[in-house]
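Working notes, structure below.
The values are calculated or read from the model by the stated rules, or taken from the named source; none is laboratory data. What you see is a predicted model; the values in this text were computed from it and never measured. Reconstructed Cβ throughout: ideal geometry from the backbone, glycine too, with neighbour counts over all protein chains shown. Note: areas computed on protein heavy atoms with side chains; ligands, DNA, RNA excluded. Shrake-Rupley method; radii C 1.70, N 1.55, O 1.52, S 1.80 Å.
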Amino acid sequence: KMSLSAIVHDDHVDVVCSALAVNCCQFGCFIQNTPRIPCASENHDWMTKLREIAPSKKLRNLVIPGTHDSASVTISKWSLFAAVGLCQNLSVVEQLQRGARYLDTRIGSGVKDSILVDDVNVVHGILTGGKFVKVLEDVDQFLCDNPGEFVVMEVVLENKRQLTAEQRIKVFKLISSTFGDRMITKDDYDSWFNLKYVTLGELAEKNKNVLVLLHERICGFCYEDKTFDMDTVTREFNCHKNENCMRNKWHNTMDSQRILSSNEEFLETYCKHLGKLLNSQFVMTPAFGGVENVPGLLFGMKSLRPVSLARKLYRKEVLETFLRDRADCKWNIVLLDFVDLCPLLVR
């Protein structure tokens, strides 16, 4: 465990960096990266090992760590409001090596009116990060090194960060060419890839290890006199509508007890719907709230930084205890910020 003095020091520095009166631009000058309870974090082949002993285990019956705004680590810590937009300390490769198998990837244009796929960036709100092509290359390399693993990658076009029609086509082509025959295709989805029944053994037998999901916001445009709706994109590029394959719910709260109870309600409502992945979002959403919160935000008693909110959620008596007490529930994807801060929970 971390020493008490180290924990107190981290908490004190976090208060200072959270205080709008001190760090009014919310630069990411201090983002904690030390878990309260460290443990072995190398889980690069956990699906492979599980398949070897339980090939009939269904994908829908696995508890799968997922990362929220997975590539946000590529945003510069010295960008305005970076501390409010950063949701991960680790690179996408490091997240995968630690066990994450669902990636939430937000993209948008880094250069207005560009037609180049190289100008498609990782984004989070007004913040711009690294190149999307690099994220794809990293995921592809991990899957080449670990062919027995299976990754669900969701690609979301961020609001107000529009891509040109030509960029969208190039994004779809880039995804398809990067993952190739290892993607779950439309034919797979229409035949054997039924999320209610598909097993780890089947995925390995058919050499499939990536399912790409798209938010419909990126579709619904015309290019060279052809309309690219979601069905067309699925048919031509093997990228699937997220709502067809997964249920999730944004809880929109920064209250840790509320996010636990809301996820429990969500699970109770949909746990019997086995034909889709179930994404339980344990993600705290920063908000100013009412006037009564202003003093706390000014002096660091409250925080707009996801890392501060995540650290409170990852206390042993909060999220870890909550999940352990409900270990027999039908959890599936468990979505987390700053996955490096809860290695024991992930393991």
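Remarks
- Test: residue in region 44-65 that is open to solvent by 60 Å² or more (accessible area, probe 1.4 Å), among the polar types (S, T, N, Q) and either within 15 Å of ARG347 (Cα to Cα) or under 20 Å from the mean Cα position of the chain (by Cα) (or both): yes
- If only residues of region 92-107 that are of a type in the set (A, V, I, L, M) and out of contact with any Pro (no Cβ under 8 Å at 6 or more places or on another chain) are counted, the one that is most open to solvent (accessible area, probe 1.4 Å) is VAL93.
- Set LEU163, LEU174, LEU103, LEU90: member being part of a helix (DSSP H, G or I) and either under 24 Å from LEU345 (Cβ atoms) or touching a Leu at 6+ places or on another chain (Cβ under 7 Å) (or both): LEU174
- Within region 146-167, tally of residues that are of a type in the set (D, E, K, R) and over 21 Å from the mean Cα position of the chain (by Cα): 1
- Test: residue in region 188-210 that is under 19 Å from the mean Cα position of the chain (by Cα) and open to solvent by less than 30 Å² (accessible area, probe 1.4 Å): yes
- When the residues of region 108-119 are filtered to those that are acidic (Asp, Glu) and open to solvent by 30 Å² or more (accessible area, probe 1.4 Å), the one that is farthest from the chain's Cα centre (by Cα) is ASP113.
- Subset of region 136-145 [open to solvent by 20 Å² or more (accessible area, probe 1.4 Å) and either closer than 16 Å to ASP45 by Cβ or outside any helix (DSSP H, G or I) (or both)]: GLN141, CYS144, ASP145
- Of the residues VAL133, VAL152, VAL156, VAL122, the single one that is open to solvent by less than 40 Å² (accessible area, probe 1.4 Å), part of a strand (DSSP E or B), touching a residue at least 12 places away in the same chain (Cβ under 8 Å) and over 25 Å from LEU309 (Cα atoms) is VAL152.
- Among residues of region 13-34, those that are open to solvent by 20 Å² or more (accessible area, probe 1.4 Å) and either in contact with a Pro (Cβ under 7 Å, 6 or more places away or on another chain) or among the hydroxyl-bearing types (Ser, Thr, Tyr) (or both), counted: 1
- Matching residues in region 74-91 - criterion: being over 22 Å from LYS302 (Cα atoms) and surrounded by 23 or more Cβ atoms within 10 Å (Cβ to Cβ): ILE75
- In region 27-41, the residues that are within 14 Å of ALA82 (Cβ to Cβ) reach residues that are acidic (Asp, Glu) with C-beta atoms within less than 9 angstrom, at least six apart or across chains, in these pairs: PHE30/ASP10; PHE30/ASP14.
- Among (1) more than 24 Å from ILE64 (Cβ to Cβ); (2) out of contact with any strand residue (DSSP E or B) (no Cβ under 9 Å at 6 or more places or on another chain) - the single one PHE221 does not satisfy: (2)
- Single residue of region 252-299 satisfying the filter (more than 21 Å from the chain's Cα centre (by Cα) and among the aromatic types (Phe, Trp, Tyr)) that is surrounded by the fewest Cβ atoms within 10 Å (Cβ to Cβ): PHE288
- Of all residues making up region 300-343, the number that are open to solvent by 10 Å² or more (accessible area, probe 1.4 Å), part of a loop (DSSP other than H, G, I, E, B) and over 30 Å from ASN23 (Cβ atoms): 6
- Residues satisfying the stated conditions in region 92-107, i.e. closer than 22 Å to HIS44 by Cβ and within 12 Å of the chain's Cα centre (by Cα): VAL92, GLN95, LEU96, ALA100, ARG101, TYR102, LEU103, ASP104, THR105
- Search result, residues across region 196-231 that are part of a loop (DSSP other than H, G, I, E, B) and either closer than 19 Å to SER176 by Cα or free of Cβ contacts under 8 Å to residues at least 40 places away in the same chain (or both): LYS206, ASN207, LYS208, ASN209, HIS215, CYS219, GLY220, GLU224, ASP225, ASP229
- Being closer than 16 Å to MET246 by Cβ, touching a residue at least 40 places away in the same chain (Cβ under 8 Å) and touching a helix residue (DSSP H, G or I) at 6+ places or on another chain (Cβ under 6 Å) holds for only one residue in LEU274, LEU267, LEU304, and it is LEU274.
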